[in-house]
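Report on the following structure.
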Amino acid sequence: MRFRSTRSAPGTGTSVGIADALEAGLAPDGGLFVPESFPELERGKAPLAMGEAGRAVLEPFFRDEPVLAQELPGLCERAFDFPVPVRPVDSGTGILELFHGPTAAFKDVGARFLAECVSALARSRQGGPRDSRPRVVLVATSGDTGGAVAAAFFGKPAVEVVILYPKGKISPLQEAQLTAWGGNVRAYAVRGDFDDCQRLVKEALADPEWRASFGLLSANSISLGRILPQCVYYAMASVNAFAETGEETGFIVPSGNLGNATAALWAKRMGFPIGKVVLACNANRAVLDYLATGRWQPRPTVSTLANAMDVGNPSNMERLRDLFPTVEALRAGVEVFSVTDEEIRETIRSAARAGLGVFCPHTATGLFTREKLGRKAGPGGHWLIAATAHPGKFRSVVEPLVGQELALPPSLERFARVAEGGIVRAELEPELSALRRRMG
Ligand SMILES: *Cc1c(COP(=O)(O)O)cnc(C)c1O
């Protein structure tokens, strides 16, 4: 399987193999990598577990890369080592719980798989003629992504992680999740904002001297190494549901940068029994406005309760428009809803009151969307809502709405204790030269 850029039409331009696509992050022309074609996969026999589903879904994409192809079964077992259960909420609707990983959000799936791939490639090169130094993964984070990446790469041989976050602009728990590692994970509090952090990462990645000295890699959300493994849970859940119902399952995906939605649509393109894919957005309406007007217009970001979805210019829109090149095709391919903060609050309240469970603000956009779809289409149909984070990660929002105390996800308790005990922070001026001195 080869991968091309979203900015060159199929059959034109150059294509690269999976290892180069993973290591480069962005295509040379600034586009995003997409598969040149989608394998038609056998729907397989349910019930599938994540590990087996991972091997089946990902094998065609990794087949031509000897190191990764050979290690794929082990990579999948290690990356997907937590459950992804479905919890029914009513006769036609289930919750696909993607938050049972180490940082209690679905980003663990992509980060862990990427870490396994990068580490396998780095190990295979050590001692070889190219690159005997460890690879350095450089990440800018506004909070959550850095934690998932740190947890995923911690202890991996031949790879180091350097995280840049804006000083004073993330919560103590988040800061603990970045700083409490040691070993191969370092984090710096940049005296600036998130944009400064992102600028430093981009400058470093664009600099040939940096790339050569540190074998720099990016772990941001446009990486194929994060999107491809997310196809696995859509494949698995749809196959398992088909075995039970004999029907296709629709998916409702709380969306911001559109990576998770891209994964659902790619899984559908591969032939898995997936019906509609519905995007639940918060008050950031760029995609909805595009469907309405036919003109793509990035918007300034609006802050909402579902803050991991606060994106005004979603990077993966480029992949969606590659799948559906015209606005008519996109209208036929996806449905999009925008959910306000007040609707998020009311959904969390009423779901708890009805005994359906306690949901995080992101997942609540999905539940609200399910309600709206039900009113539109009437009863019937099978839907799964992607639950993207554990509600205990958003206690200050959720607890007053549901009138009860929530437990922190067990995997995060250690970091809460670190946050209480005091964080040891290394600060950095927002200059590339300052970062350079720290890199040694
Ligand atoms: C990142 C994130 C999202 C949005 O996912 P995209 O792939 O960026 O659309 C939704 N919910 C949570 C909890 C997240 O962390």
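The values are calculated or read from the model by the stated rules, or taken from the named source; none is laboratory data. Nothing here was measured: the structure is a model prediction, and the numbers come from that model. When we count neighbours, we look across all protein chains shown, and the Cβ atoms used for this are built from the backbone with ideal geometry, even at glycine.
A few comments on the model shown:
- Residues in the stretch 23-55 that are within 12 Å of Met270 (Cα to Cα), surrounded by 14 or more Cβ atoms within 10 Å (Cβ to Cβ) and at pLDDT below 95: Phe38, Pro39, Leu41, Arg43.
- Enumerated strands (runs of 3 or more DSSP E) restricted to the stretch 1-118, each holding at least 2 residues that are in contact with a Leu (Cβ under 9 Å, 6 or more places away or on another chain) and farther than 28 Å from Pro157 by Cα: 33-35, 86-90, 93-97
- Residues of the stretch 190-203 classified as under 23 Å from the mean Cα position of the chain (by Cα) and either small (Gly, Ala, Ser) or closer than 26 Å to Val424 by Cα (or both), total: 9
Residues checked against (1) aliphatic (A, V, I, L, M); (2) surrounded by 16 or more Cβ atoms within 10 Å (Cβ to Cβ):
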{"residue": "Ala79", "(1), (2)": "yes, yes"}
{"residue": "Leu96", "(1), (2)": "yes, yes"}
{"residue": "Cys117", "(1), (2)": "no, yes"}
{"residue": "Leu121", "(1), (2)": "yes, yes"}
{"residue": "Thr145", "(1), (2)": "no, yes"}
{"residue": "Gly155", "(1), (2)": "no, no"}
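- Selection of the stretch 56-77 for residues being within 30 Å of Gln177 (Cα to Cα) and surrounded by fewer than 19 Cβ atoms within 10 Å (Cβ to Cβ) yields Pro73, Gly74, Glu77.
- Qualifying positions in the stretch 396-409 - under 15 Å from Ile344 (Cβ atoms) and within 16 Å of the ligand (Cβ to nearest atom): Ser396, Val397, Val398
- Within the stretch 274-305, the set of residues being surrounded by 18 or more Cβ atoms within 10 Å (Cβ to Cβ), among the aliphatic types (A, V, I, L, M) and out of contact with any strand residue (DSSP E or B) (no Cβ under 7 Å at 6 or more places or on another chain) comprises Ala286, Leu305.
- Every pair of residues 6+ apart whose Cβ atoms lie under 7 Å, when the first sits in the stretch 311-325 and is free of Cβ contacts under 8 Å to residues at least 24 places away in the same chain while the second is away from the ligand (no atom under 12 Å from the Cβ) and outside any loop (DSSP other than H, G, I, E, B): Phe324/Leu330; Phe324/Gly333
- Residues of the stretch 243-287 that turn out to be in a loop (DSSP other than H, G, I, E, B) and more than 8 Å from the ligand (Cβ to nearest atom), as a count: 11
- Gln126 within 14 Å of the ligand (Cβ to nearest atom) and without any contact (Cβ under 8 Å) to a residue 40 or more places away in the chain: no
- Filtering the stretch 306-315 to residues that are surrounded by fewer than 23 Cβ atoms within 10 Å (Cβ to Cβ), part of a loop (DSSP other than H, G, I, E, B) and not acidic (Asp, Glu) leaves Gly312, Asn313, Ser315.
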